[in-house]
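Novice: Before anything else, here's the structure in question.
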């Protein structure tokens, strides 16, 4: 299980991922993308999540997708796995031409 990050480590990791915000013990980000494009993006993210064994909570709306990430196995705390997944999601979003919100 990944180690829970300190407050300083969380701040430093957030600085490396512009657009991601902390919301309690989650990091979140939304991307503007139309519904069917959002579905395709979610499938792409889900394929990667399956491979790495870590997943985000995903909220799909008609014009955007929101991701929320925390490590459930670490008591819903933030770990390096969360920030690694966020960086992967950023790359997938760019590949799907999703616009940061």
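The values are calculated or read from the model by the stated rules, or taken from the named source; none is laboratory data. Everything quoted here is computed from the prediction, not taken from an experiment. All Cβ positions, even for glycine, are placed from backbone atoms using ideal geometry, and neighbour counts span all protein chains on display.
Novice: Restricting attention to strands (runs of 3 or more DSSP E) lying wholly within region 6-101, give those where 2 or more residues are without any contact (Cβ under 8 Å) to a residue 40 or more places away in the chain, in contact with a helix residue (DSSP H, G or I) (Cβ under 7 Å, 6 or more places away or on another chain) and surrounded by 19 or more Cβ atoms within 10 Å (Cβ to Cβ).
Specialist: Working: elements: 21-23, 26-32, 57-60, 64-69.
Result: 64-69.
Novice: Sticking with this one: Looking at this structure, is residue 73 modelled with pLDDT under 95 and either touching a strand residue (DSSP E or B) at 6+ places or on another chain (Cβ under 6 Å) or within 16 Å of residue 2 (Cα to Cα) (or both)?
Specialist: yes
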